[in-house]
Amino acid sequence: MSAASRVSSVLTSRYANALLDLAEDQKLVEKVESDIVDLKNMVEESEDLRNTVMDPRVDKSEQFAVVEALAKKAKFQKLTLNFLNVLVENRRLDILEAVIATISKELSKRRGEKVAHIKVAQDLSAKQVKELETALAKASGKPVALNIEVDPSLLGGMIVTMDSRMVDDSVAGKLERLKLAMSKGSNENQIKNLKEVS
């Protein structure tokens, strides 16, 4: 891990824990969590917003105005707005996405949840997400929070990583295993490997 990434990790953890500690004190954890989920979606969906957040050349006053308008439109808690204003004031708005990811991990940790990293070829429906959460919770014996990433290069299926285990059930993964099976020397090995791939 580089010095820069260590500093970033320390910073994101500091900001995330400060917000969650205050939210707990004020009994606003669920409402602040909802704000953070909405904020994450807004940043992901709007290139203009992402540019305003990530570009350190954007003037502080402009960032304050954007944050204020965003919070008003989304009806964020005052605590969430104050938190965003602190990031702007400290010129740390560019680490917002990393802070959001850290908040999600910290919430899971505080709840005793396991975190499963899911890569899918296309967005999952709310029903599919719920079914996946239930199946993974049953398998692990603990509540599971999903961290879902869409990666069209998978072609279909998904890759699930939880703890140190990974299950690759993607179409791309199956094709790679098929390719490997086809390159084996004997017909017997090819047939065996083709069965394993299917």
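The values are calculated or read from the model by the stated rules, or taken from the named source; none is laboratory data. Given the structure is predicted, the values throughout are model-derived calculations rather than measurements. Neighbour counts are summed over all protein chains in view; Cβ atoms, including those assigned to glycine, are modelled from backbone coordinates with ideal geometry.
Details
- PHE83 vs. criteria modelled with pLDDT of 95 or more and in a loop (DSSP other than H, G, I, E, B): no
- Residue among VAL115, VAL160 that alone is modelled with pLDDT of 85 or more, in a strand (DSSP E or B) and touching a strand residue (DSSP E or B) at 6+ places or on another chain (Cβ under 6 Å): VAL160
- So ASN51, is it surrounded by fewer than 18 Cβ atoms within 10 Å (Cβ to Cβ), at pLDDT 90 or above and not assigned by TED's automatic domain parsing to the domain that holds GLU131: no
- Residue under evaluation PHE76, criteria (1) outside any loop (DSSP other than H, G, I, E, B); (2) farther than 25 Å from VAL10 by Cβ, criterion not met: (1)
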